[in-house]
Amino acid sequence: MQQENKPVFGDWFVLFLLMLTWGSSFILIKRGLVSFDHIQLGALRVSISFLALLPFALQRLSKIRFKNFHLFLIAGLFGNALPAFLFARAQTEIDSLMAGILNSLTPLFTLLLGVWFFGRKTHFLNVAGVILGFIGAAGLLYVAGEGNMNFNILPSFLVIMATVCYAINMNFIKNYLAGYDSITIASLAFVFIGVPAIIYLSFHTDFYYRMSHVEGSWESLGYIALLSVFGTSLAIIANFWLIKRTSALFASSVTYLMPLVSVAWGIFDGEPFLLSFLVWIGIILAGVYVANRPPYRLRNWMNRFNN
């Protein structure tokens, strides 16, 4: 198991940038679904990300041993391909509010899978921090949406499955791909899923027909391109860098912070800012802090408190 380092200022800054990027992803998915179905959106997201990272992949492909190719295939499937299709399908039936709440389960699954299958050591206060962060994220989204959440069992389950995929991938990278730099991991992960996505999009969907006959298709494609280049390609490189630098749990904590961006978008669009937002934001930040404290620091803090 790879050593986990305490996050420093640079790590928190990258987490903040990921919060801004991924916090805007749900609205981009929604705009992309205006002209394309969920299968096409998922395939486009993977295809465009693959093309954006292809120059980096070509530089690195010859340096990877053939016996290690399956590691990048696993990272591509669980970290990118499966979640891209699962989220696109789910958001055809549930709103971004519910998707954001369920997406906040990622750190919880990351922690549980890390302990059960990847030998990660944890402390009960780390678990408490994960739960606290989820409560804060759920509360903030619920208040911001005025309690109006569209809940459907099947699409909600698809989002949960996507968070499990993310959790598997984060632990997998920390344990099995820590010897590779983040650009290598991200670019080669897309090599094994990008080509099939392009083939499927080109020969098994009506993508080209929609581009030439459906009004607004170019605009939707623009939103998907933004989602793919910034919300997938560049963000995944940053996320992999965080996983290698710190821990899978710290990197997954961004899902607690993403609702802050969603609320900010709402305020920008003229929605009211409630003082109760500050309470839930405080709970989120406290949860992220506690969840990512090293166990020995938590023990020292408790000893000082008891004394």
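Having 2 or more residues that are at pLDDT below 80 is the bar; report the helices (runs of 4 or more DSSP H) wholly within segment 207-307 that clear it.
248-252, 254-268, 276-291, 295-306
Which condition does Tyr180 not pass, out of (1) at pLDDT below 90; (2) assigned to a helix (DSSP H, G or I), if it passes all the others?
Tyr180 satisfies all of (1) at pLDDT below 90; (2) assigned to a helix (DSSP H, G or I) except (2).
Identify, from the list Leu44, Leu71, the residue that is in contact (Cβ under 8 Å) with a residue 40 or more places away in the chain, assigned to a helix (DSSP H, G or I) and under 20 Å from Ile173 (Cα atoms).
One residue alone meets the criteria, Leu71.
Of Ser182, Ser202, which residue is without any contact (Cβ under 8 Å) to a residue 12 or more places away in the chain and of a type in the set (Gly, Ala, Ser)?
Among Ser182, Ser202, only Ser202 is without any contact (Cβ under 8 Å) to a residue 12 or more places away in the chain and of a type in the set (Gly, Ala, Ser).
Looking at Ala81, Ala88, Ala52, can you tell me which residue is touching a Pro at 6+ places or on another chain (Cβ under 9 Å) and either assigned to a helix (DSSP H, G or I) or β-branched (Val, Ile, Thr) (or both)? Show your work before the answer.
Values: Ala88 fails: touching a Pro at 6+ places or on another chain (Cβ under 9 Å); Ala52 fails: touching a Pro at 6+ places or on another chain (Cβ under 9 Å).
Just one listed residue meets the conditions, Ala81.
Check Ser96, Ser35, Ser49 and return the single one that is modelled with pLDDT of 90 or more, in contact with a Lys or Arg (Cβ under 7 Å, 6 or more places away or on another chain) and either surrounded by fewer than 22 Cβ atoms within 10 Å (Cβ to Cβ) or under 15 Å from Ile193 (Cα atoms) (or both).
Just one listed residue meets the conditions, Ser35.
For the subset of segment 216-226 comprising residues that are surrounded by fewer than 14 Cβ atoms within 10 Å (Cβ to Cβ) and touching a residue at least 24 places away in the same chain (Cβ under 8 Å), which member is farthest from the chain's Cα centre (by Cα)?
Out of the qualifying residues, it is Gly216.
The values are calculated or read from the model by the stated rules, or taken from the named source; none is laboratory data. Computed from a prediction, not measured in an experiment: that's the story for all the values here. A quick note on method: Cβ atoms are made from the backbone with ideal geometry, for glycine too, and the neighbour counts reach across all protein chains shown.
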